[in-house]
Amino acid sequence: MLKIGVIGCGAIGRDHIRRLRNLVPGATVAACSDYFRESAEKTAQQYDISHIFDTGEELIGSGEVDAVLIASSDTSHAGYVLESLKQGKPVFCEKPLAQTSADCEKIIEAELALGKRLVQVGFMRRYDPGYREMKRIVESGELGNPLMIHASHRNMHQPQGLTSEMGVSNIAIHELDICRWLLGDEYKNGQVLKVRQSSYSVKGYDNPQIVLLETGTGCRIDVEVQLSDGYGYDIQCQVVCEKGTISLPDPYAVVTRSDAGRSVPILTDWSQRFIQAYDIELNEWVRAVENNSCNGPGAWDGYAACVAADTLNRSRNTGRFMEIQMMRKPDLYDVC
């Protein structure tokens, strides 16, 4: 059994623990840790976890842990990833990989020194059946070259403490990853636009925002990022190709007809929308660790998304596109 230590016992951390314990064969959660020890204690009791550690570093260094899953606050991600690499342990880190591209570069340098990939980033949309089918069609070439992507990321509620910058670096980070994955192309330029503001937005936060991107081959991408949209959690994506379009399907829902109307329920939470993707993601991660291989989004993907987010946030209020400058991609990230 692969013994996994989980750092962070908040909502997503507990959900991953439940998934690892109940849905992922060959793995067990051997340890947990949280900044608030009471949270770790409650989680350990609920899921019969044997070991609780006061710090993430202690958990990572423990002989009871073979691999690490990081679901703690964004500010802690880079430090825990680097410590995991120092210990030579495979690590799954929820997005974002780090809060700055400089920290992502440190992680890449640490992996290069080891000579192997140990980091996977929690870009779970790559495991969603809808996105995977879109990727298959793009790569088949049956619709010709991709030209544009239109996407939207709409949340029902605006989390407390969110800033305009986090709307890109924490929320739209999923679009920054999935669009470059769908196209198989890196970003060249980007800009964030402020539009007429919603009265449902917290004062001082830009909502909605429009993200504009250009790739190296000239594809154009626009992403609407809206929090507190007033109606539900709604993720949309359409790839426009030379001979047709490819659209992300809406989640399965029963259609009801009553009172001279026709209705379909809309989900309100990310965990409901991508539950299958999370299940597939952790199953494939565990299989990869067992086989000493890698097939998921790694440190380079976390870095690419972070560089794009940094550049987009710098472009805010400038009224112009800014070049997205990335380091040369090391050979390690072209093969597993």
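Laboratory data are not the source of any read-out in this text; all were calculated from the coordinates shown. Fair warning: this is a prediction, and the values are worked out from it, not measured in the lab. Here the Cβ positions follow ideal geometry from the backbone for every residue, glycine too, while neighbour counts run over all protein chains shown.
For this structure, a couple of remarks:
- Among 20-28, 292-300, the peptide with the highest mean count of other Cβ atoms within 10 Å heads the list, and the full ranking is 292-300, 20-28.
- Rg and Dmax [Cα atoms of the chain; Å; Rg one decimal, Dmax integer]: 20.2, 66
- Under a model in which nothing but the beta-carbon of Lys, Arg (+1) and Asp, Glu (-1) is charged, the stretch 126-270 shows a dipole of about 180 debye around its Cα centre.
- Entries of Lys135/Lys329; Lys95/Lys243; Lys3/Lys95; Lys116/Lys188; Lys3/Lys116 with Cα pairs more than 30 Å apart: Lys95/Lys243
- Dimensions of the stretch 1-153 along the principal axes, based on C-alpha atoms and rounded to the nearest Å, stand at 54, 35, 29, largest first.
- Computed about its Cα centre, the charge dipole of the stretch 53-178 is approximately 440 debye, with only Lys, Arg, Asp and Glu carrying charge at their Cβ.
- If R0 equals 51 Å, the separation of the Cβ atoms of Gln325 and Arg262 corresponds to a calculated FRET efficiency of about 0.55.
- Computed FRET value (nearest 0.05) for Glu242 with Met1, which takes r as the C-beta separation and R₀ as 51 Å: 0.55
- For Lys203, the lysines whose Cα comes closer than 18 Å to its Cα, not counting residues fewer than 8 places off in the same chain, are Lys194.
- Percent antiparallel among DSSP beta bridges (both partners in the chain, rounded to 5): 55 percent
- Distance from the stretch 189-243 to the stretch 173-188 (C-alpha centre basis), Å: 14 Å
- Mean separation of Cα pairs under 8 Å and 6 or more residues apart, divided by the residue count, gives the stretch 126-270 a relative contact order of 33 percent.
- Estimated purely from DSSP H runs of n ≥ 4, each contributing -39500 (n - 2.57), the mean residue ellipticity at 222 nm for the chain is -10500 deg cm²/dmol once divided by its residues.
- Under the criterion of Cα pairs below 8 Å and six or more residues apart, the relative contact order for the chain equals 19 percent.
- A DSSP coil position with no more than 14 other Cβ atoms inside 10 Å describes the following chymotrypsin sites (Phe, Trp or Tyr not before Pro) in the stretch 33-116: Phe36.
- For a paramagnetic label modelled on Val255 (point 7 Å from Cα along Cα→Cβ), amide N atoms under 16 Å away are absent within the stretch 105-139.
- Taking trypsin sites (Lys or Arg not before Pro) across the stretch 197-282, the ones in a DSSP loop with at most 10 further Cβ atoms lying within 10 angstrom of their Cβ are Lys203, Lys243.
- Distance from the stretch 35-112 to the stretch 286-336 (C-alpha centre basis), Å: 20 Å
- Residues of the stretch 1-31 falling in the label zone of Ser271, defined by backbone nitrogen less than 13 Å from a point 7 Å along Cα to beta-carbon, are 9-20.
- Cα-based shape type of the stretch 126-270, given that a ≥ b ≥ c are square roots of the gyration tensor eigenvalues and the cut on a/c is 1.5: oblate
- The stretch 193-296: C-alpha gyration tensor shape, a/c 1.5 cut-off, then a/b vs b/c: oblate
- Taking 13 Å as the straight-line reach from the Cα of Lys106, the aspartates and glutamates in range (excluding those fewer than 8 positions away in the same chain) are Glu83.
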